[in-house]
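Contents: one structure, followed by commentary.
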Amino acid sequence: MKTPLVPPLIAGLASLLLLTCGGGKGAAPAAGAVVTYLPTDPTTGPAAGNPDGKYPVPAEALAQDVSRPDQVIGTGTPGSCTPEAFIAAVAQGGKITFNGGTKPFTITLPRPAKVFNNKPDVVIDGGGLVTLSGGGRTRILYMNTCDPDQVWTTSHCQDQEHPQLTVQNLTFIDGNSASETQYDGGGAIWVRGGRFRVVNCRFFNNVCASLGPDVGGAAIRVFDQYQDLPVYVAHSTFGGADGYGNQGANGGGISSIGVSWSIYNSLFSFNRALGNGGNPAAPGTPGGGSGGAIYNDGNTMRLAIFGTLIEENQVNAHGSAIFFVSNDGTGTVHIEDSVLRRNLGGSWYARPGLSMDSGSRLEIVNSILQ
């Protein structure tokens with residue numbers, strides 16, 4: 001893949017600088033350190049999805065109909081699509097679209113937009129023009145059915161059907177959850193409960209804490225989906241080119257505990273798991289460093305990958321492409337019409353790029369792992 005020109009390279013280095021100077025989760029920059037934030041330019045980034053991915057996508061993984069939105073942000077110009085309007089719209093719920101003109105534009109948030117559990121299901125559609133940015137200082141989007149601040153709506157918050165969150169036709173850049181201590185990981189998006197879907201989205205230069213045995217999901221972190229149904233990801237890009245990759249302790253792209261995923265025609269590349277020492281952390285190490293693109297931990301869960309390219313991701317510990325551990329050996333990894341190649345670093349491999357427990361089922365169909 002051709003290396004992008006100078007601006008995205010600088011943006012990638014800026015995200016790395018933020019991690020380095022931050023000193024890991026919850027740490028402040030060292031005395032006298034200069035932290036410079038250089039925003040990512042999404043207009044020069046790679047497109048959404050694997051261009052060679054042709055696997056049929058099921059209806060439940062397709063974009064939702066927003067032809068009759070509940071809320072429209074903006075009055076025709078990018079400037080009218082303010083961060084406060086977006087945060088307020090997410091809090092109210094429903095189908096959300098944007099009216100910011102006909103050219104791409106970015107909304108930079110001062111704090112995360114948060115889904116409220118007693119509001120309608122949320123669909124956010126950027127129309128292929130909208131980028132949501134954390135400005136190198138904040139997570140972008142948050143949903144948690146077990147957070148009382150977002151309103152408890154059932155007695156079984158860890159297994160409730162609603163709210164459901166769909167993000168589609170959006171770009172997420174420069175999200176940063178490195179300072180989060182209660183709900184760590186998920187540099188761009190953090191989700192617990194309900195259902196979650198990602199369609200036609202791009203994730204560039206998002207970061208979470210850089211060290212730790214279980215923190216992760218530089219772009220996305222997910223827990224507790226309703227009835228253990230899968231998170232759907234379709235035609236989306238995580239990194240995609242040098243200078244755009246997402247970085248965190250584990251799961252450079254996505255991370256989860258006890259969650260199944262169905263991923264279609266997507267691209268994961270140039271993401272990094274920055275930790276060191278694995279999970280549990282080896283003596284004398286901070287822990288982490290597994291799952292360059294994908295980190296899955298839990299018990300009975302299924303990672304299903306179709307028509308997807310995973311390449312040029314990097315780790316220090318295990319699973320340069322995928323780290324998958326079912327603690328009771330009841331998990332399944334299914335890889336079909338996909339390619340895993342040129343992922344770097346680590347050890348303990350079941351197949352090239354794939355670290356997984358020996359008890360779980362591995363299904364490889366018409367795929368290349370090298």
request  = Provide a single number: the residues in the stretch 214-232 that are under 10 Å from the mean Cα position of the chain (by Cα), part of a strand (DSSP E or B) and either closer than 18 Å to residue 313 by Cβ or touching a residue at least 40 places away in the same chain (Cβ under 8 Å) (or both).
outcome  = 2
remark   = Of the conditions (1) assigned to a helix (DSSP H, G or I); (2) within 24 Å of the chain's Cα centre (by Cα); (3) surrounded by fewer than 18 Cβ atoms within 10 Å (Cβ to Cβ), the single one that residue 79 does not satisfy is (2)
request  = Quick one: which residue in 133, 155 is without any contact (Cβ under 8 Å) to a residue 24 or more places away in the chain and among the hydroxyl-bearing types (Ser, Thr, Tyr)?
outcome  = 155
query = Do we find that residue 103 is closer than 28 Å to residue 192 by Cα, assigned to a loop (DSSP other than H, G, I, E, B) and either at pLDDT below 95 or in contact with a helix residue (DSSP H, G or I) (Cβ under 8 Å, 6 or more places away or on another chain) (or both) in this structure?
reply = no
inquiry  = Condition first: touching a Pro at 6+ places or on another chain (Cβ under 6 Å) and either small (Gly, Ala, Ser) or within 15 Å of residue 169 (Cα to Cα) (or both). Now tell me which residues in the stretch 102-121 satisfy that.
reply    = 105, 107
ask   = When you look at residue 63, is it modelled with pLDDT of 95 or more, in a helix (DSSP H, G or I) and of a type in the set (Gly, Ala, Ser), yes or no?
value = no
Subset of the stretch 261-292 (residues that are surrounded by 24 or more Cβ atoms within 10 Å (Cβ to Cβ), under 22 Å from residue 228 (Cβ atoms) and within 13 Å of the chain's Cα centre (by Cα)) = 263, 266, 291
message = Can you find a residue that is aliphatic (A, V, I, L, M), touching a strand residue (DSSP E or B) at 6+ places or on another chain (Cβ under 6 Å), more than 22 Å from residue 92 (Cα to Cα) and buried (at least 24 other Cβ atoms within 10 Å of the Cβ) anywhere in the stretch 199-209?
response = yes
inquiry  = Among the residues of the stretch 151-167, are any surrounded by fewer than 22 Cβ atoms within 10 Å (Cβ to Cβ), within 17 Å of residue 113 (Cβ to Cβ), out of contact with any strand residue (DSSP E or B) (no Cβ under 6 Å at 6 or more places or on another chain) and not charged (D, E, K, R)?
reply    = yes
message = I need the full set of residues from the stretch 312-365 which are touching a Leu at 6+ places or on another chain (Cβ under 8 Å) and among the small types (Gly, Ala, Ser), in order please.
response = 319, 320, 321, 331, 338, 350, 353
message = If I go through the stretch 258-293 residue by residue, how many of them are in a loop (DSSP other than H, G, I, E, B) and closer than 20 Å to residue 244 by Cα?
response = 10
inquiry  = I need the full set of residues from the stretch 294-347 which are farther than 20 Å from residue 240 by Cα and among the basic types (Lys, Arg), in order please.
reply    = 302
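The values are calculated or read from the model by the stated rules, or taken from the named source; none is laboratory data. No experiment lies behind these values; they were computed from the predicted model shown. All Cβ positions, even for glycine, are placed from backbone atoms using ideal geometry, and neighbour counts span all protein chains on display.
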